[in-house]
1. Taking the full set of protein chains and a 1.4 angstrom probe, give the accessible area of B:SER22 in square angstrom, rounded to the nearest 10.
2. Each label point is 7 Å from the Cα along the Cα-to-Cβ direction; what then is the distance between the points at A:ASN92 and A:ALA54, in nm?
3. So for each of A:124-135, A:55-66 I average, over its residues, the number of other beta carbons within 10 Å; can you give me the resulting order with the highest mean first?
4. Please give, to one decimal in nm, the separation of the simple spin-label points placed at A:ARG106 and B:ALA236, each 7 Å out from Cα toward the Cβ.
5. For the stretch B:261-266, what does the Karplus curve 6.51 cos²θ - 1.76 cosθ + 1.60, with θ = phi - 60°, yield as ³J(HN,Hα) per residue in whole Hz, taken in order and with x for Gly and Pro?
6. Can you give the accessible area buried between chains A and B, summed over both chains, with a 1.4 Å probe, in Å² to the nearest 100?
7. Need one value: the accessible area of B:LYS169 in square angstrom, 1.4 angstrom probe, rounded to the nearest 10.
8. Hey, can you grab everything whose amide H is under 5 Å from the amide H of B:ASP110? Only 5+ residues off in sequence or another chain; H modelled, so Pro and N-termini drop out.
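The values are calculated or read from the model by the stated rules, or taken from the named source; none is laboratory data. The structure displayed is predicted, hence computed values, not measured ones. With ideal geometry, Cβ positions are generated from the backbone for all residues, glycine too; neighbour counts draw on all protein chains shown. Please note that ligands, DNA and RNA were not included when accessible areas were found on the heavy atoms of the full protein model with its side chains. Shrake-Rupley method; radii C 1.70, N 1.55, O 1.52, S 1.80 Å.
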Amino acid sequence: MDFSDYVARQRPALMRFATVLTGQTWLAEDVVSDVLGRAFERWDRISGVAEPHAYVRRMVVNEYLSWRRRLARTSPRADVEPDTAGYGDGANERAERDEMIHRLSRLPRKQRAAVVLRYYAGLPDAEIATQLGCRVATVRSQIHRALAALRIDLTASSREYQETS
Amino acid sequence: MSDMRALHDAFGELERRADVASLGAQPVLQQPRRAFGLRLVPVAATVVAVAGLAGAAMWFAPGGDDGGVGAASSGTTSSTTIVVPPAPGWTGMPKTADELIAQFKVVLGDTATFEVTDTGSAVNGTVPDHSVTNQPGSGPDVPPPTGATSVTSMPNDDGARNGAAIVGKLTAAGVTGGFDLQIYAGTAGETDTCAVYADLGSCNVTTLPDGSKLMTGVYELQVQGGVTYHAQLFAADGRVILMHISNMGDPKGAGGVLGAQPPLTADQLTAIVTSNLW
(Lines give C-alpha, C1' and ligand atoms only; values in the text may rest on other atoms or scores of the structure.)
Protein backbone atom coordinates (compact mmCIF):
# COMPACT_ATOMS: atom_id res chain seq x y z
CA MET A 1 0.00 0.00 0.00
CA ASP A 2 1.49 3.35 -0.90
CA PHE A 3 1.39 6.27 1.50
CA SER A 4 -1.39 8.18 -0.25
CA ASP A 5 -3.64 5.12 -0.19
CA TYR A 6 -2.93 4.63 3.51
CA VAL A 7 -3.78 8.23 4.32
CA ALA A 8 -6.96 8.16 2.26
CA ARG A 9 -8.17 5.04 4.05
CA GLN A 10 -6.92 5.53 7.56
CA ARG A 11 -6.72 9.24 8.28
CA PRO A 12 -10.34 9.37 9.51
CA ALA A 13 -9.68 6.50 11.89
CA LEU A 14 -6.46 8.13 13.08
CA MET A 15 -8.33 11.37 13.69
CA ARG A 16 -10.99 9.58 15.71
CA PHE A 17 -8.37 7.77 17.75
CA ALA A 18 -6.35 10.94 18.31
CA THR A 19 -9.45 12.90 19.30
CA VAL A 20 -10.49 10.28 21.83
CA LEU A 21 -6.91 10.23 23.11
CA THR A 22 -6.40 13.99 23.33
CA GLY A 23 -9.96 15.14 23.90
CA GLN A 24 -9.57 18.04 21.50
CA THR A 25 -9.98 18.03 17.75
CA TRP A 26 -7.43 20.78 17.13
CA LEU A 27 -4.78 18.90 19.11
CA ALA A 28 -5.73 15.67 17.37
CA GLU A 29 -5.21 17.36 14.00
CA ASP A 30 -1.80 18.61 15.10
CA VAL A 31 -0.77 15.20 16.36
CA VAL A 32 -2.03 13.30 13.33
CA SER A 33 -0.47 15.74 10.88
CA ASP A 34 2.89 15.59 12.62
CA VAL A 35 2.78 11.81 12.81
CA LEU A 36 1.80 11.40 9.17
CA GLY A 37 4.62 13.76 8.21
CA ARG A 38 7.06 11.51 10.01
CA ALA A 39 5.44 8.34 8.74
CA PHE A 40 5.79 9.59 5.18
CA GLU A 41 9.55 9.76 5.55
CA ARG A 42 9.69 6.25 6.95
CA TRP A 43 6.99 4.72 4.79
CA ASP A 44 9.29 2.26 3.08
CA ARG A 45 9.93 0.69 6.48
CA ILE A 46 6.46 1.13 7.96
CA SER A 47 4.66 -0.33 4.99
CA GLY A 48 6.72 -3.49 5.41
CA VAL A 49 5.62 -4.24 8.97
CA ALA A 50 2.79 -6.65 9.71
CA GLU A 51 0.28 -3.97 10.78
CA PRO A 52 1.20 -0.52 9.47
CA HIS A 53 -1.92 1.11 10.92
CA ALA A 54 -1.15 -0.23 14.40
CA TYR A 55 2.39 1.11 14.03
CA VAL A 56 1.18 4.57 13.04
CA ARG A 57 -1.34 4.53 15.84
CA ARG A 58 1.49 3.82 18.29
CA MET A 59 3.25 6.85 16.84
CA VAL A 60 0.14 8.89 17.65
CA VAL A 61 0.25 7.74 21.27
CA ASN A 62 3.96 8.47 21.52
CA GLU A 63 3.47 11.90 20.01
CA TYR A 64 0.72 12.66 22.50
CA LEU A 65 2.86 11.58 25.43
CA SER A 66 6.09 13.17 24.25
CA TRP A 67 7.74 16.42 25.23
CA ARG A 68 6.72 18.03 21.99
CA ARG A 69 3.18 18.23 23.16
CA ARG A 70 4.01 20.03 26.39
CA LEU A 71 4.17 23.31 24.56
CA ALA A 72 0.55 23.97 23.89
CA ARG A 73 -0.91 26.57 21.62
CA THR A 74 -1.24 30.02 23.05
CA SER A 75 -4.66 30.32 21.52
CA PRO A 76 -6.18 26.98 20.58
CA ARG A 77 -8.71 26.91 17.82
CA ALA A 78 -12.29 26.52 18.93
CA ASP A 79 -13.26 22.90 19.35
CA VAL A 80 -16.28 21.24 17.79
CA GLU A 81 -19.49 21.94 19.68
CA PRO A 82 -20.95 19.05 21.66
CA ASP A 83 -23.82 17.18 20.09
CA THR A 84 -27.05 18.28 21.71
CA ALA A 85 -29.70 16.94 19.36
CA GLY A 86 -31.57 13.66 19.18
CA TYR A 87 -29.69 11.97 21.99
CA GLY A 88 -31.01 8.95 23.80
CA ASP A 89 -33.12 9.69 26.83
CA GLY A 90 -32.26 13.36 26.77
CA ALA A 91 -30.57 15.89 28.95
CA ASN A 92 -29.44 13.58 31.76
CA GLU A 93 -27.49 11.27 29.49
CA ARG A 94 -25.96 14.16 27.58
CA ALA A 95 -24.89 15.74 30.85
CA GLU A 96 -23.37 12.48 32.06
CA ARG A 97 -21.57 12.03 28.74
CA ASP A 98 -20.20 15.56 28.76
CA GLU A 99 -19.15 15.24 32.39
CA MET A 100 -17.29 12.05 31.49
CA ILE A 101 -15.49 13.88 28.65
CA HIS A 102 -14.54 16.57 31.14
CA ARG A 103 -13.18 14.00 33.61
CA LEU A 104 -11.25 12.30 30.83
CA SER A 105 -9.63 15.61 29.96
CA ARG A 106 -8.42 15.97 33.54
CA LEU A 107 -6.65 12.62 33.69
CA PRO A 108 -2.86 12.63 33.55
CA ARG A 109 -1.70 11.72 30.07
CA LYS A 110 -0.49 8.23 30.89
CA GLN A 111 -3.71 7.31 32.66
CA ARG A 112 -5.76 8.70 29.83
CA ALA A 113 -3.70 6.82 27.27
CA ALA A 114 -4.06 3.58 29.25
CA VAL A 115 -7.84 3.97 29.46
CA VAL A 116 -8.17 4.78 25.77
CA LEU A 117 -5.92 1.93 24.69
CA ARG A 118 -7.85 -0.56 26.80
CA TYR A 119 -11.44 0.56 26.52
CA TYR A 120 -11.43 2.29 23.14
CA ALA A 121 -8.79 0.45 21.16
CA GLY A 122 -9.36 -2.85 22.98
CA LEU A 123 -5.68 -3.64 23.44
CA PRO A 124 -4.55 -6.23 25.97
CA ASP A 125 -2.66 -4.94 28.99
CA ALA A 126 0.62 -6.46 27.81
CA GLU A 127 0.47 -4.48 24.60
CA ILE A 128 -0.52 -1.33 26.48
CA ALA A 129 2.48 -1.84 28.74
CA THR A 130 4.78 -2.05 25.72
CA GLN A 131 3.25 1.06 24.22
CA LEU A 132 3.61 3.08 27.42
CA GLY A 133 7.00 1.73 28.37
CA CYS A 134 5.97 0.28 31.71
CA ARG A 135 5.05 -2.99 33.35
CA VAL A 136 1.66 -4.68 33.06
CA ALA A 137 1.11 -4.12 36.78
CA THR A 138 1.68 -0.41 36.25
CA VAL A 139 -0.87 -0.36 33.42
CA ARG A 140 -3.45 -1.97 35.68
CA SER A 141 -2.63 0.46 38.45
CA GLN A 142 -2.94 3.40 36.07
CA ILE A 143 -6.29 2.16 34.82
CA HIS A 144 -7.54 1.51 38.33
CA ARG A 145 -6.70 5.08 39.35
CA ALA A 146 -8.16 6.45 36.13
CA LEU A 147 -11.45 4.63 36.61
CA ALA A 148 -11.65 5.96 40.14
CA ALA A 149 -11.07 9.49 38.85
CA LEU A 150 -13.68 8.91 36.17
CA ARG A 151 -16.03 7.59 38.88
CA ILE A 152 -16.77 4.46 36.91
CA ASP A 153 -18.30 1.51 38.69
CA LEU A 154 -17.13 -1.60 36.91
CA THR A 155 -19.72 -3.74 38.65
CA ALA A 156 -22.50 -1.93 36.82
CA SER A 157 -23.65 -3.41 33.53
CA SER A 158 -21.50 -2.51 30.56
CA ARG A 159 -20.92 -3.29 26.94
CA GLU A 160 -17.80 -3.57 24.92
CA TYR A 161 -17.02 -0.46 22.85
CA GLN A 162 -16.36 -1.05 19.20
CA GLU A 163 -13.82 1.44 17.90
CA THR A 164 -14.97 2.94 14.60
CA SER A 165 -12.37 2.02 12.03
CA MET B 1 -21.05 6.72 39.94
CA SER B 2 -21.15 6.06 36.22
CA ASP B 3 -20.83 2.78 34.40
CA MET B 4 -18.88 1.97 31.29
CA ARG B 5 -21.78 3.15 29.14
CA ALA B 6 -20.96 6.75 30.01
CA LEU B 7 -17.32 6.19 29.01
CA HIS B 8 -18.39 4.60 25.74
CA ASP B 9 -20.82 7.44 25.09
CA ALA B 10 -17.97 9.86 25.68
CA PHE B 11 -15.84 7.97 23.15
CA GLY B 12 -18.70 8.10 20.66
CA GLU B 13 -19.13 11.83 21.09
CA LEU B 14 -15.38 12.41 20.66
CA GLU B 15 -15.45 10.32 17.48
CA ARG B 16 -18.32 12.41 16.18
CA ARG B 17 -16.36 15.59 16.88
CA ALA B 18 -13.39 14.13 15.00
CA ASP B 19 -15.57 13.41 11.99
CA VAL B 20 -17.02 16.92 12.05
CA ALA B 21 -13.55 18.43 12.28
CA SER B 22 -12.29 16.22 9.47
CA LEU B 23 -15.01 17.49 7.15
CA GLY B 24 -13.46 20.92 7.37
CA ALA B 25 -9.84 19.79 7.17
CA GLN B 26 -7.80 19.64 4.00
CA PRO B 27 -6.44 16.24 3.08
CA VAL B 28 -2.91 15.99 4.33
CA LEU B 29 -1.48 15.39 0.87
CA GLN B 30 -2.72 18.75 -0.36
CA GLN B 31 -0.75 20.55 2.28
CA PRO B 32 2.96 21.10 2.08
CA ARG B 33 4.64 18.39 4.03
CA ARG B 34 5.79 19.96 7.20
CA ALA B 35 8.27 18.86 9.75
CA PHE B 36 6.79 18.60 13.20
CA GLY B 37 7.18 22.05 14.57
CA LEU B 38 5.84 24.58 16.94
CA ARG B 39 2.75 26.41 15.89
CA LEU B 40 2.66 29.27 18.29
CA VAL B 41 1.27 32.73 18.20
CA PRO B 42 4.27 35.06 17.90
CA VAL B 43 4.58 37.74 20.51
CA ALA B 44 4.63 41.33 19.35
CA ALA B 45 7.96 42.15 20.99
CA THR B 46 11.16 40.19 21.25
CA VAL B 47 13.70 40.29 24.01
CA VAL B 48 17.39 40.18 23.40
CA ALA B 49 19.49 39.52 26.41
CA VAL B 50 23.18 39.13 26.92
CA ALA B 51 23.65 36.24 29.21
CA GLY B 52 26.13 33.58 30.02
CA LEU B 53 26.93 30.70 32.19
CA ALA B 54 28.17 32.08 35.46
CA GLY B 55 27.52 31.35 39.08
CA ALA B 56 25.41 28.33 38.27
CA ALA B 57 25.71 25.07 40.09
CA MET B 58 27.62 23.14 37.45
CA TRP B 59 26.58 19.56 37.66
CA PHE B 60 27.39 17.27 34.83
CA ALA B 61 25.80 13.96 34.05
CA PRO B 62 28.03 11.06 35.00
CA GLY B 63 30.49 10.22 32.29
CA GLY B 64 29.56 13.29 30.33
CA ASP B 65 32.06 15.05 28.17
CA ASP B 66 31.81 18.07 25.98
CA GLY B 67 29.00 17.31 23.55
CA GLY B 68 28.17 14.01 25.12
CA VAL B 69 25.15 13.07 27.12
CA GLY B 70 25.96 11.24 30.31
CA ALA B 71 26.73 7.63 29.65
CA ALA B 72 24.49 7.53 26.62
CA SER B 73 25.65 6.10 23.39
CA SER B 74 23.74 6.43 20.20
CA GLY B 75 20.51 4.48 20.30
CA THR B 76 20.55 3.62 23.99
CA THR B 77 17.56 4.30 26.16
CA SER B 78 16.71 3.86 29.79
CA SER B 79 13.47 2.35 30.90
CA THR B 80 13.64 4.11 34.25
CA THR B 81 10.38 5.75 35.05
CA ILE B 82 10.34 9.06 36.82
CA VAL B 83 7.59 9.75 39.32
CA VAL B 84 7.02 13.38 40.19
CA PRO B 85 6.62 13.98 43.93
CA PRO B 86 3.72 16.06 45.19
CA ALA B 87 4.23 19.66 44.16
CA PRO B 88 4.56 22.12 47.04
CA GLY B 89 2.52 25.23 47.49
CA TRP B 90 4.72 26.74 44.86
CA THR B 91 6.91 29.71 45.52
CA GLY B 92 8.78 31.66 42.87
CA MET B 93 7.21 29.79 39.97
CA PRO B 94 7.29 32.05 36.92
CA LYS B 95 3.75 32.73 35.89
CA THR B 96 4.56 34.76 32.80
CA ALA B 97 7.06 34.59 30.00
CA ASP B 98 8.63 37.83 31.21
CA GLU B 99 9.32 36.30 34.62
CA LEU B 100 10.86 33.26 33.00
CA ILE B 101 13.02 35.43 30.75
CA ALA B 102 14.28 37.34 33.77
CA GLN B 103 15.14 34.10 35.58
CA PHE B 104 16.80 32.66 32.50
CA LYS B 105 19.06 35.74 32.24
CA VAL B 106 20.20 35.17 35.81
CA VAL B 107 20.93 31.49 35.24
CA LEU B 108 22.81 32.04 31.98
CA GLY B 109 25.00 34.86 33.21
CA ASP B 110 27.02 36.62 30.50
CA THR B 111 28.24 34.25 27.84
CA ALA B 112 25.27 33.79 25.55
CA THR B 113 22.58 35.90 23.95
CA PHE B 114 19.04 34.77 23.41
CA GLU B 115 16.06 36.13 21.56
CA VAL B 116 12.54 35.13 22.50
CA THR B 117 10.26 34.82 19.51
CA ASP B 118 7.33 33.00 21.05
CA THR B 119 5.78 32.49 24.41
CA GLY B 120 5.16 28.82 23.90
CA SER B 121 3.01 28.60 26.91
CA ALA B 122 -0.42 27.88 27.21
CA VAL B 123 -4.02 28.42 27.16
CA ASN B 124 -5.04 31.65 28.70
CA GLY B 125 -7.04 30.82 31.71
CA THR B 126 -8.23 32.08 35.01
CA VAL B 127 -5.91 31.52 37.90
CA PRO B 128 -7.93 30.55 40.95
CA ASP B 129 -7.92 32.77 43.98
CA HIS B 130 -5.76 30.34 45.92
CA SER B 131 -2.94 30.56 43.37
CA VAL B 132 0.51 30.67 44.85
CA THR B 133 2.43 33.78 45.76
CA ASN B 134 6.08 34.29 46.42
CA GLN B 135 7.21 33.85 49.95
CA PRO B 136 9.32 36.59 51.53
CA GLY B 137 12.87 36.50 50.33
CA SER B 138 12.27 34.50 47.20
CA GLY B 139 11.85 37.44 44.88
CA PRO B 140 9.47 40.20 43.99
CA ASP B 141 6.00 39.64 45.32
CA VAL B 142 3.53 38.99 42.59
CA PRO B 143 -0.02 39.45 43.76
CA PRO B 144 -2.19 36.58 42.67
CA PRO B 145 -4.73 37.36 40.04
CA THR B 146 -8.23 37.17 41.31
CA GLY B 147 -11.63 36.52 39.91
CA ALA B 148 -11.78 36.51 36.15
CA THR B 149 -8.30 37.91 35.54
CA SER B 150 -6.69 35.94 32.75
CA VAL B 151 -3.03 35.04 32.78
CA THR B 152 -0.94 32.94 30.51
CA SER B 153 0.00 29.78 32.29
CA MET B 154 1.22 26.32 31.57
CA PRO B 155 -1.68 23.95 31.85
CA ASN B 156 -1.35 20.73 33.67
CA ASP B 157 -3.14 17.80 32.23
CA ASP B 158 -5.77 18.59 34.81
CA GLY B 159 -5.64 22.28 34.10
CA ALA B 160 -4.11 23.17 37.45
CA ARG B 161 -0.42 23.46 36.76
CA ASN B 162 1.35 26.81 36.63
CA GLY B 163 4.55 27.80 34.94
CA ALA B 164 5.75 29.47 31.81
CA ALA B 165 7.55 28.73 28.57
CA ILE B 166 9.65 30.64 26.09
CA VAL B 167 10.94 29.75 22.64
CA GLY B 168 13.52 31.43 20.47
CA LYS B 169 17.12 31.42 19.32
CA LEU B 170 20.22 31.31 21.47
CA THR B 171 23.74 32.27 20.43
CA ALA B 172 26.92 31.27 22.21
CA ALA B 173 30.47 31.64 20.90
CA GLY B 174 29.14 32.69 17.53
CA VAL B 175 26.92 29.62 17.14
CA THR B 176 23.13 30.04 16.92
CA GLY B 177 20.37 27.52 17.36
CA GLY B 178 16.76 27.21 18.40
CA PHE B 179 15.79 26.65 22.01
CA ASP B 180 12.75 26.22 24.16
CA LEU B 181 12.53 26.44 27.92
CA GLN B 182 9.67 25.74 30.24
CA ILE B 183 9.18 25.46 33.95
CA TYR B 184 6.06 24.14 35.58
CA ALA B 185 4.88 22.55 38.77
CA GLY B 186 4.74 18.81 38.28
CA THR B 187 1.70 16.77 39.13
CA ALA B 188 2.10 14.28 41.96
CA GLY B 189 2.39 10.86 40.43
CA GLU B 190 3.19 12.21 36.98
CA THR B 191 5.60 9.89 35.29
CA ASP B 192 7.87 10.11 32.35
CA THR B 193 10.04 7.54 30.75
CA CYS B 194 12.67 7.36 28.09
CA ALA B 195 10.57 4.75 26.29
CA VAL B 196 8.41 7.42 24.68
CA TYR B 197 11.50 8.94 23.08
CA ALA B 198 12.85 5.63 21.84
CA ASP B 199 12.25 6.46 18.21
CA LEU B 200 14.14 9.75 18.46
CA GLY B 201 17.58 8.82 19.72
CA SER B 202 19.37 8.26 22.99
CA CYS B 203 17.78 9.02 26.32
CA ASN B 204 18.93 8.50 29.89
CA VAL B 205 17.57 9.07 33.36
CA THR B 206 19.92 9.82 36.26
CA THR B 207 19.25 10.36 39.95
CA LEU B 208 20.96 13.43 41.37
CA PRO B 209 22.40 13.65 44.90
CA ASP B 210 19.32 15.50 46.18
CA GLY B 211 16.96 12.87 44.84
CA SER B 212 15.93 14.82 41.75
CA LYS B 213 15.71 12.95 38.47
CA LEU B 214 17.43 14.22 35.35
CA MET B 215 16.38 13.05 31.91
CA THR B 216 18.77 13.85 29.07
CA GLY B 217 18.63 12.96 25.45
CA VAL B 218 20.12 13.52 22.03
CA TYR B 219 17.58 13.35 19.27
CA GLU B 220 18.15 13.17 15.55
CA LEU B 221 15.66 15.30 13.73
CA GLN B 222 13.94 14.58 10.46
CA VAL B 223 16.12 17.03 8.56
CA GLN B 224 19.53 15.73 7.58
CA GLY B 225 22.08 16.89 10.12
CA GLY B 226 19.49 18.25 12.54
CA VAL B 227 20.03 17.43 16.19
CA THR B 228 18.34 18.50 19.41
CA TYR B 229 19.64 18.10 22.95
CA HIS B 230 17.08 17.56 25.68
CA ALA B 231 17.48 18.07 29.42
CA GLN B 232 14.58 17.77 31.84
CA LEU B 233 14.82 18.04 35.59
CA PHE B 234 12.17 16.52 37.81
CA ALA B 235 13.23 18.31 40.97
CA ALA B 236 12.76 16.81 44.40
CA ASP B 237 10.50 19.73 45.29
CA GLY B 238 8.10 18.98 42.43
CA ARG B 239 9.29 21.50 39.83
CA VAL B 240 9.88 20.38 36.29
CA ILE B 241 12.43 22.32 34.24
CA LEU B 242 12.65 21.36 30.60
CA MET B 243 14.94 22.78 27.96
CA HIS B 244 15.88 21.88 24.40
CA ILE B 245 18.68 23.32 22.31
CA SER B 246 19.17 22.54 18.66
CA ASN B 247 21.33 23.31 15.66
CA MET B 248 18.10 23.99 13.81
CA GLY B 249 16.05 27.13 13.98
CA ASP B 250 13.52 25.27 16.10
CA PRO B 251 14.24 22.32 18.43
CA LYS B 252 11.27 20.49 16.97
CA GLY B 253 12.90 20.40 13.56
CA ALA B 254 11.73 23.47 11.69
CA GLY B 255 13.65 26.55 10.64
CA GLY B 256 16.55 24.99 8.78
CA VAL B 257 19.95 23.76 9.97
CA LEU B 258 21.92 26.73 11.28
CA GLY B 259 25.17 25.01 12.16
CA ALA B 260 26.96 21.74 12.63
CA GLN B 261 26.16 21.57 16.35
CA PRO B 262 23.79 23.28 18.80
CA PRO B 263 25.20 26.42 20.43
CA LEU B 264 25.37 24.71 23.82
CA THR B 265 26.80 21.33 24.58
CA ALA B 266 24.65 18.71 26.23
CA ASP B 267 26.61 19.22 29.45
CA GLN B 268 26.02 22.96 29.36
CA LEU B 269 22.32 22.30 28.83
CA THR B 270 22.31 19.97 31.83
CA ALA B 271 24.04 22.61 33.93
CA ILE B 272 21.34 25.12 33.05
CA VAL B 273 18.39 22.98 34.02
CA THR B 274 20.07 21.83 37.24
CA SER B 275 21.24 25.30 38.25
CA ASN B 276 20.42 26.33 41.78
CA LEU B 277 19.63 29.81 40.51
CA TRP B 278 16.13 28.81 39.35
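1. Approximately 40 Å² for this residue.
2. Rounded to a tenth, the inter-label distance reads 4.1 nm.
3. Details: A:124-135: 18.3, A:55-66: 21.2.
Highest-to-lowest ranking by the protection proxy: A:55-66, A:124-135.
4. Result for the modelled spin labels: 3.2 nm.
5. 9, x, x, 10, 6, 4
6. Working: alone 10410 and 14300 Å², together 18500 Å².
Interface area, both chains combined: 6200 Å², rounded to the nearest 100.
7. 80 Å²
8. Sorted by chain and number, the residues that satisfy this are B:GLY52, B:LEU53, B:ALA54.
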